[in-house]
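K.L.:
Take this structure first; my questions come after.
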Amino acid sequence: MGLCGICLRLVVVVEMLLLMGANAAPTPPQLAQAKPGCRTTCGDLQVVYPFGTEDGCYLNKTFLITCNDTHYNPPKPFLRQSTSLVVTNITLEEGRLQVESLVSKACYDKNGKSISDSGPPNTLLRINQFTISDTQNKFTVIGCNSYGLIEGKIRNKSYSEGCISRCESKGDVTDGSCSGSGCCQIDIPKGLRQIAVSARRFRNSSNVSQFNSCTYAFVIEDSQFRFGTSNLSNTAERVPTAVDWSITGQGNCDKAKNNPSYACKENALCYQPPANNSAVGYLCKCDHGYQGNPYLSNGCQDFDECDQGTHTCHTQARCINTPGISLGFVMLLVGSTWFFFMFKKRRLIKLKEQFFQQNGGFLLQQQLSKRTGASDTAKIFSEEELKKATNNFDEKRIIGRGGYGTVYKGFLTDNNPVAIKKSKIVDQSQIEQFINEVTVLSQINHRNVVKLLGCCLETEVPLLVYEYVTNGTLFDHIHNKDETPTIPWETRLRIAAETAGVLSYLHSSAATPIIHRDVKSTNILLDNDFTAKVSDFGASKLVPIDEAQLSTMVQGTLGYLDPEYLHTSQLTEKSDVYSFGVVVVELMTGKKVLSFDRPEEERSLVMYFLFSLKAGRLFEILDNGIVNDDNREQIREVGELARRCLRVKGEERPTMKEVAMELEGLRRMDKHQWDKVEVNIEETEHLLSETSYTCNNGDGSNSAAAYDSMKDHLLVAFDTAR
């Protein structure tokens, strides 16, 4: 028998011994305890310290449970002073609460008119020092031709996201499936403390009112929910939601141990919440061989295995209680460590090989081997390289989060900074397309595209490695004005022109045309010179040359999403044109594309912009400090170009090539020539483009017709009046 065979036999023996050892000293269930002399229950809830219902019974006011026995019988426990979050369970070691949160509900009659008393169309979850669990919950929307919005704060920064659910008949809906037909779900970001949830419906939905008259939106613990067609007509008013808690305000365990208010008592250990737990601060647990409440003085007590019957001794044998872990078991573990890790290492190597093959590694190697002569060929990185580059994906290295994954800053062995994108999921049916996209993007050598350096395929989901862009996103520079100076108009126009040039290149000059499908200001990065770098091709589609459009499941970001694509699911290059038009309006106005904090008529930036343009009030809505006497006509021309990009029908929009040519022409034109624009109109039109779509709106008729059409369609798409 070879050495390898002997090792494998030893590993099997070790694992059997480990199993026996584990059975010999099981940890009994943790005892739930309130503070002595305090109320132990409120209705069906077992109250566990550090939580409590009365003064002196909780650690601090963050852990107050308000037991309302005046209006409810049996009593109901609410989180602090809240009247909307009912606490149903407290878990100590995991640092988790289960609460019942309200469902946002918006109902409509068969004519599409809102039923005002049908339920709360907007709900608020306010949990202050705790966080809504990003690992346990999903934001969920139920309804046909419906959408929901979730807005909140993460580290004092605004967050908003939407989820669209579409169906034309009951036959479109499948029990157990929540992928966009009758039900849609998205992940909850990490660190979310306060959220507002709202339910909405698109207009012209009378065809579904017979079986679905309401839209429901809520945050629910994923393990507690399975969608069924019955939910379309009947969804509960409250749903279970997971909340992460911890002891905050004292720093990590090392700092907290020196704090007079240190919460972990005798025979208890301090530990940081797991990496996938969105709570901050620290938690406590009883030491090995002890049980009870680690937050109470003498709350962790040694338990007697003999008395509790948790031993495995024979009937005639003498049972001796051992505090903590038995010495023999520790020796067994130490003696078997070498063999155990040898076995684990072998399994890990096999797992990496499986992931590499599953993620199309061999196909990618074949594709790249055909381009060995190219200096810019993408590299296949190992998992160890990228772990080392990111300090094992340390949370402090996170520089961005998106719908498709998390982005980390890393440093390769040559000390060059890179951005490493860790995707959330991978669709196995799209592996070949993913590999094709990697190969195509690795060959793009455009100065305004974030360059793909390579990828890692040894993990469950592929990791992508990009060049690191130093100056953040365009969104940050436009909207976080307290932290960044105002960008002058000349720079904004250059950013727009550079972005248009990239999209024109992707549509017209790439070997295989590419539709970006998620053009927005957060996906436009800026370097120190404010040069635009288009990023995030996670939603992009490669378009076969003989196909003008693709049928796809609708993806994108509300506010930037092409309304024609939203309603037909037909993706074309003109979808990028619409999204780019929204970015141009964002650049001009400095306003967010969707905001429910603004007056009703201003909530949709596109509608507000088009209305202001039609009314001749363009200069009243522009960002402060960008207009001067020399650029007014130039800004007016850019506004007109944005209007054409935002036309409802894609066929009426210009191509990105035409848009790029016009913007470049506007940039190159001497700013003092605008004074002569009326007498040199033919020369100007020729300079901009022979195929310019500039319209003469002298009588306003064309603009008005386009605006009215756009207004009607946007009301259908966003229904911001509700």
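We did not get these values from a lab; they are worked out from the coordinates using the rules stated. The structure displayed is predicted, hence computed values, not measured ones. Cβ placement follows ideal geometry from the backbone for every residue including glycine, while neighbour counts extend to all protein chains displayed.
K.L.:
Between Lys170 and Ser223, what is the FRET efficiency for a Förster distance of 35 Å, r being their Cβ-Cβ separation, to the nearest 0.05?
P.N.:
The calculated FRET efficiency here is 0.85.
K.L.:
Once you have the Cα-Cα distance between Gln46 and Asn415, take 0.36 nm times their residue separation minus that, and quote the gain in nm to one decimal.
P.N.:
Roughly 127.5 nm would be gained on extension.
K.L.:
Please compare each pair in Lys170/Lys592; Lys61/Lys153; Lys153/Lys257; Lys422/Lys481; Lys190/Lys481 to a cut-off of 32 Å on the Cα-Cα distance and tell me which ones are over it.
P.N.:
The pairs that break the limit, which is 32 Å between Cα atoms, are Lys170/Lys592.
K.L.:
Determine the sum of side-chain charges near Ala196: Lys and Arg each +1, Asp and Glu each -1, restricted to other residues whose C-beta is under 14 angstrom from that of Ala196.
P.N.:
Around Ala196, the charge tally is +2.
K.L.:
For the pair Ser509 and Asp529, how long in nm is the line joining their label points, each one 7 Å along Cα→Cβ?
P.N.:
Between Ser509 and Asp529, the label points sit 1.7 nm apart.
K.L.:
In what sequence, highest mean first, do 655-664, 385-394 appear when ranked by Cβ atoms within 10 angstrom?
P.N.:
Top to bottom by mean Cβ count within 10 Å: 655-664, 385-394.
K.L.:
In debye to the nearest 20, how big a dipole does segment 36-174 give about its Cα centre with +1 on each Lys and Arg Cβ and -1 on each Asp and Glu Cβ?
P.N.:
Here the size comes out at about 360 debye.
K.L.:
Return the whole-Å distance between the Cα centroid of segment 558-581 and the Cα centroid of segment 588-620.
P.N.:
19
K.L.:
Label-point separation (nm) for Val461 and Arg598, each offset 7 Å from Cα along Cα-to-Cβ?
P.N.:
Distance between label points: 3.2 nm.
K.L.:
To continue, here is another question. Based on the mean of other Cβ atoms within 10 Å per residue, sort peptides 41-48, 126-133 so the most packed one is first.
P.N.:
Listed from highest to lowest mean packing, they are 126-133, 41-48.
K.L.:
Under a point spin-label approximation (7 Å from Cα along Cα-to-Cβ), what is the Gln301-Arg447 distance to one decimal in nm?
P.N.:
7.6
K.L.:
Right, something else. Order the peptides 52-58, 264-270, 213-219 from the highest to the lowest mean number of other Cβ atoms within 10 Å of their residues.
P.N.:
Per-residue mean Cβ counts within 10 Å order the peptides as 213-219, 264-270, 52-58.
K.L.:
Loop-only check: which GluC sites (Glu not before Pro) in segment 135-176 are DSSP coil with at most 10 other Cβ within 10 angstrom?
P.N.:
none
K.L.:
Another one. Report the charge-dipole magnitude of segment 97-244 in Debye, nearest 20, computed about the Cα centre from +1 at each Lys and Arg Cβ and -1 at each Asp and Glu Cβ.
P.N.:
The dipole magnitude comes to about 420 debye.
K.L.:
Could I ask something else about it? Taking the Cβ-Cβ separation of Asn258 and Asp394 as r and a Förster radius of 30 Å, what is the calculated FRET efficiency to the nearest 0.05?
P.N.:
0.80
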